[in-house]
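*Asks:* The structure's right below; bear with me while I get my questions together.
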Amino acid sequence: MATGIENLKIYNLSARLELVLCKVVKGFPSEEKYRSVDQILRSSASVCNNIAESYQRLGRKEKIYYLSIAKGEAEETRQNMIRAYQKGYISHNNAKILNVKYIELLKGISGYIKFIRNNNQ
């Protein structure tokens, strides 16, 4: 049975999205390897990493700080995927699904920040 961070919905969602994006960017043109692909992979990984880092921090302010970074990285990734769709690198359906999932993740991170602010941890 999973304990700790493995029970955190936003962590699991961010990790799944990171893996999905690894597959999605394989279809990008080769000239985008060091531009869009690199940026999307780094920002999507950063979401998961910052959620994990916040989880192990003891102070409320520290937790919120790393979650805020994760939230910014999630929005960056979402915007990059929107532009990738506009450039024709991903299908409308994939863009729509990713957008919905990233909005869900952003709302989840915001909810977790609110939870931390309202509880004595």
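The numbers here are math on the coordinates, done by the rules we state, and not lab data. Because the structure is predicted, anything quoted here is derived from the model rather than measured. Heads up, the Cβs are rebuilt from the backbone with ideal geometry, glycines too, and the neighbour counts pull from every protein chain shown.
*Asks:* Under 26 Å Cα to Cα from residue 107, which lysines show up? Leave out anything in the same chain fewer than 8 places away.
*Replies:* 9, 23, 61, 63, 71, 96
*Asks:* Follow-up question, since we're still on this one. Note down the nm distance, to one decimal, between modelled labels 7 Å out along Cα→Cβ at residue 61 and at residue 35.
*Replies:* Each label point lies 7 Å from its Cα, and together they span 4.2 nm.
*Asks:* How do 26-35, 68-77, 4-13 rank on mean C-beta neighbours within 10 Å, highest first?
*Replies:* Packing proxy ranking, top to bottom: 68-77, 4-13, 26-35.
*Asks:* With a cut-off of 8 Å between alpha carbons and a minimum separation of six or more residues, what is the relative contact order of segment 11-121 in percent?
*Replies:* For segment 11-121, the relative contact order is 29 percent.
*Asks:* Under a Cβ-Cβ cut-off of 15 Å, what is the net charge of the residues other than residue 68 that fall near it, where Lys and Arg count +1 and Asp and Glu count -1?
*Replies:* Once all neighbours under 15 Å are counted, the net charge is +3.
*Asks:* Okay, moving on. Identify, among 116, 91, 79, the residue whose Cα sits farthest towards the positive end of the charge dipole of the chain, taking +1 on the Cβ of Lys and Arg and -1 on the Cβ of Asp and Glu, with the dipole about the Cα centre.
*Replies:* Of the candidates, 116 comes out farthest on the positive side.
*Asks:* When Lys and Arg each count +1 and Asp and Glu each count -1, what net charge do the other residues less than 12 Å away from residue 117, Cβ to Cβ, add up to?
*Replies:* +4
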